[in-house]
Structures are given as structure tokens and as C-alpha cells.
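Presented below is the structure to which this report refers.
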Amino acid sequence: MCCFFCLNANINAMKSLLALSLFLLLSNLISAQSNTKYALVIHGGAGVMSEKSMTPEMQKEYLFVLNRALHVGDSVLSNDGSCMDAVVSTIMVMEDSPLFNAGKGAVFTHEGTVELDASVMNGKTLEAGAVAGITDVKNPIMLAKTVMEKSEHVFLVGKGASQFAVEQGFKLVPNSYFYTDKRFQQLQELLKKEREAGINDKHGTVGCVALDKSGNIAAGTSTGGMTNKKYGRIGDAPVIGAGTYANNATGGFSCTGHGEYYIRLGFSRDISAMMEYRQLGIQKACQAEIEKLTKLGGTGGVIGLDKAGNISMEFNTSGMFRGFVKSNGEKYTAIFK
Ligand code: ASP
């Protein structure tokens, strides 16, 4: 009697277990299917640029590197990689290219050296990492990520940041690694203009924002700052909330332009706040922030994406190197307005 009941109870328990496993398997399958969406958007700096001032060959070269950067980010995301890994590896492509003002090819300071700034932010945890005044690390964006992951700090600067880099196994490069003729000539031109009229107006930076298949958002920005910068000047790119911000609840943003204005506006955090408190869509929020920038007299642009994969690329200059890629196969690159 007792055995009969035991057997019955066991069969019932096994049936429930089977039903539960089946349910879990199905819900996993369904969620795996619905979570295949990802997107990635990049910029390579905003500024004064016209079709006339750029030969078709130059345009091709820029578009080639933008496409390569998009391709690298796309492969990370399509292979289930994280948005942070996508952001860092995409930005590294542009840091390694002499065309952009980040890593190799960065602009010169007044003293004729190169000082690099970079930052990253994780929209899920709101963790962030930033470095500034870097003279000897090939890929500052990687160092910013390492600060976020391996230190208890958010922002490291100059020699201390290099010391941290060495402790973390980074190989240092001489400052001459970053040298390019083009940037050196830019400095000479600006020094000449400055002697004549006190002008300093060159910018150009790289940035990336990604949404991965898990629905998480990350953003990153890397720059050499502004040509002819002095006195240890640091711009918005490494300042969390100014040049870079990410929050899964709203979106991720990376900026380029005249950094002082971006810091004063708390630019990227302000966009996120408009989305959070006023329920503005990403496009409207980015446009509204660019209007604030214009009113203040600043120039530049911003890229962003939200949790639904909506992309925004706004700027008040005549051009911005930019592009995006989406899981549905959509791909776009452009330079001029
Ligand atoms: N925002 C950068 C800075 O001010 C420069 C740029 O984006 O062109 O350092």
C-alpha cells in the first residue's frame, strides 16, 4: 500500500519536474530569440569640413576606417559580446588610425607633445573609468576600461595613470609614436595664427556607443584634445557626464566638439536627464542639447542610442565623421551635413 502511494507520488513529482524543465527550455528559447537586437554608433570628430576641402581620396580613406571600425564592433555584438567590449574594440580601430584625433594621429599640445584623454561608462551598473593627460599608452580607451574594472577609482591623470597602466601590464610607448606630419603642421599653422590673432579652433575626436543583445548600453570617447592646448588643459572627453555618459534607463552618448562648452553644460548627462525626467525621445533630447550648445556659442556634435536601438547623430558644424550598424543589417557612414 505504502509503496503504491510512494510510487504514485514519485511519478507525479517527475511529471512536474519534466513540465518545469520544458517550461524553462521554452522560455529560454523565446527570450534568446527576442534578444537578438543590437546596435552600434560611432563618430570620428565634428568640425569645419566641406566637400571642397576634402579630396575624394581623403573621403574614401576616412570612410574606409569608419567602415572597418563598424565592422569590428558589429562582429563583437553579433557574436554575443558585451557592449563594453564592442565600444572599446571599435574605438581602438580609430585610435590606431593616423586619420583621427585619438591615439596615433592625435593633435599636438602647445609644447609639441601629445596628451590623450579617454573615458568609458557602463549603462547597466553606472560604473565608469577615465584617464587624462596620457603621454605613453597606445590605447587610452583600454586604459580607461581598466581603470573602471581594476581600480577603485573613476578618474586617473598623467604620471599616476601611466604607473597604474604599467602595474596592469600595459606596455608603454614613446610619445613620438603618436606623431604625424599632418598634426604637426596643424600646430605650426595655429601657432602662427595665434601669434597673429589668438585663435585656437581645431578639434576632432572618436567615440562609440553600443547596445548589446542583453539590452545593455555602453559608451566611450577618446581624444588628443584640442591643437595647441596649454597648461594641462583637459576637455570633456574624459569627464563623465560631459563627453561620455551611459545609463540603460535612457541611453548612451559620446560627444565631440569644443570641450569647455560640453563641460559647462554637463552635456551628455543633461541629455540623459531630459530623457528621464521629461520623457523626451533620444532624437529630441540630443537636438535640444545641441541648441543649448549653439546658444552658448559652442560647436560640435553628439552620437547616442537608446535601449530600443534608436540612433541619434546631431551636430551644429558643417560635418561630423559618423556611422552606425544594426543587427537588422542596416549600415550607414557619412561625413558632411
Ligand atoms: N572634445 C574634445 C576636447 O575638447 C575635442 C574634440 O572633440 O574635437 O578635448
Response to the item:
Here, the stretch 270-337 modelled as identical Cα point scatterers in vacuum has Debye log10 I(q)/I(0) at q = 0.13 Å⁻¹ of -0.39
Worksheet entry | Compactness of the stretch 35-75 - radius of gyration and Dmax, Cα, Å | 13.3, 44
Worksheet, complete the sentence: Log entry: pair-distance distribution for the stretch 110-185, C-alpha pairs binned every 5 Å from zero, whole % per bin is 3, 17, 27, 22, 13, 10, 5, 2, 0
Worksheet item: What is the spin-label model distance, in nm, from LEU126 to HIS71 if the labels are put 7 Å beyond Cα along the C-beta direction?
Response: 4.0
Item to complete: Please compute the net charge surrounding ASP212, taking Lys and Arg as +1 and Asp and Glu as -1 over other residues with Cβ under 13 Å from its Cβ.
Response: +2
Response to the item:
Computed for the stretch 199-337: size of charge dipole around the Cα centre, +1 on C-beta of each Lys and Arg, -1 on C-beta of each Asp and Glu, debye to nearest 20, value 180
Worksheet item: Computed over the Cα atoms of the chain, what is the ratio Rg over Rh, Rh following Kirkwood?
Response: 1.12
Fill in: Radius 10 Å from Cβ of THR36, net charge of other residues (Lys, Arg +1; Asp, Glu -1)
+1
Discussion item. Students often get this wrong, so check it: of LYS60/LYS193; LYS104/LYS229; LYS193/LYS292; LYS145/LYS182, which have C-alpha atoms separated by over 19 Å?
Written reply: LYS60/LYS193; LYS193/LYS292; LYS145/LYS182
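We did not get these values from a lab; they are worked out from the coordinates using the rules stated. Keep in mind that what you see is a predicted model, and the values were worked out from it rather than measured. Every residue, glycine among them, receives a Cβ derived from its backbone with ideal geometry; neighbour counts consider all protein chains shown.
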